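One structure below.
The values are calculated or read from the model by the stated rules, or taken from the named source; none is laboratory data. These numbers were taken from a predicted model, which means no experiment stands behind them. In this analysis, Cβ positions are derived from the backbone assuming ideal geometry, glycine residues included, and neighbour counts consider all displayed protein chains.
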Amino acid sequence: MMGDTAMNFDMAKGPNPRDKVIMDAAATAFAGASDTILASLKSFIAAMLCFPETQRKGQEELDRVLQGRLPSFEDQAALPYINAIVKEVLRWAVTTPVAVPHTSDEDDIYRGYFIPKGSIILPNIWSLLHDQHRYGHDASDFRPERFLKDGKLNPDVVDPATLGFGYGRRACPGKHIALSYLFIAVATILATFNISEELDENDMPITPKIVWRSAVISEPAPFKCRIKPRSEDAVKLIRALDMGERLD
């Protein structure tokens, strides 16, 4: 059965039940992810501003793999350092420091603490993702290399995505969409732009100062930086992307 499209959609009748379910699911995924993904991208730009060596390493990998074209999802397996940057953004700049509330189903004892049935529990995701036993003594630093071993992603290091998107039935249903979007956004930005300090009136770099604004969602407060195309070839790629074209 043909779905409702712009050509055959009847405004008076509305969508058919099947398409209504699809529309509602898409709207829920968009609403749930739009602010958190934006917060993660702000944190990524802040990290590239404060850790330029990480930016350089990511761009070197992209240049080697892409050979002058835009990244695609098919490139993900060949870009371990970019994947590690995404994981470190999720870990270092936790978008939701406290998980959605849960309720204990039965009485429990955890490390000597009695938790009665029906207790409201707020898992501390920030603490879990900055645990030195999991991520090393430098867990407060932005270091994607912690997820790599011998040039590949290290499966022995806990993936932040297993903690940062919630747990059980309250876990984020758009997790895989968010991870895919973050990967392609990070890869595209680093392939085409340089992120650097803003300049003062004397053309001297202004030392970045990132202040975190934390509520239900944690993100950096507005900060200044310079985002410039890496080259004339990058300008062509950006314009092709804006026009919906591909330069493969």
Does Thr162 satisfy being assigned to a helix (DSSP H, G or I), closer than 30 Å to Leu62 by Cα, modelled with pLDDT under 95 and out of contact with any strand residue (DSSP E or B) (no Cβ under 6 Å at 6 or more places or on another chain)?
yes
Residue count for region 68-93, restricted to those that are buried (at least 17 other Cβ atoms within 10 Å of the Cβ), more than 16 Å from the chain's Cα centre (by Cα) and charged (D, E, K, R)
1
Looking at region 33-43, is at least one residue aliphatic (A, V, I, L, M), modelled with pLDDT of 95 or more and in contact with a Ser or Thr (Cβ under 9 Å, 6 or more places away or on another chain)?
no
Scan region 37-52 and report the pairs whose first residue is more than 10 Å from Val186 (Cβ to Cβ) and whose second residue is of a type outside the set (A, V, I, L, M) and assigned to a helix (DSSP H, G or I), with Cβ atoms within less than 6 Å and a gap of 6+ or a chain change.
Ile37/Tyr181
Looking only at region 97-106, decide whether some residue is in a helix (DSSP H, G or I) and of a type in the set (Ser, Thr, Tyr).
no
Could you tell me whether Ala171 is closer than 23 Å to Gly58 by Cβ and either small (Gly, Ala, Ser) or crowded, with 19+ Cβ neighbours inside 10 Å (or both)?
no
Residues located in region 165-181, provided they are of a type outside the set (A, V, I, L, M) and not in a loop (DSSP other than H, G, I, E, B):
Gly168, Arg169, Arg170, Lys175, His176, Ser180, Tyr181
Within region 191-212, considering residues that are surrounded by 12 or more Cβ atoms within 10 Å (Cβ to Cβ) and charged (D, E, K, R), the one farthest from Trp92 (Cα to Cα)
Glu198
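Residue by residue, here is whether (1) of a type in the set (Ser, Thr, Tyr); (2) assigned to a loop (DSSP other than H, G, I, E, B); (3) in contact (Cβ under 8 Å) with a residue 40 or more places away in the chain holds:
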| residue | (1), (2), (3) |
| --- | --- |
| Phe114 | no, no, no |
| Gly118 | no, yes, no |
| Leu128 | no, no, no |
| His133 | no, no, no |
| Glu145 | no, no, yes |
Take the residues of region 147-159 that are touching a helix residue (DSSP H, G or I) at 6+ places or on another chain (Cβ under 7 Å) and not in a loop (DSSP other than H, G, I, E, B): which is surrounded by the fewest Cβ atoms within 10 Å (Cβ to Cβ)?
Lys152
Residues of region 67-96 satisfying the condition of being part of a loop (DSSP other than H, G, I, E, B) and closer than 18 Å to Ile217 by Cα:
Ala93, Val94, Thr95, Thr96
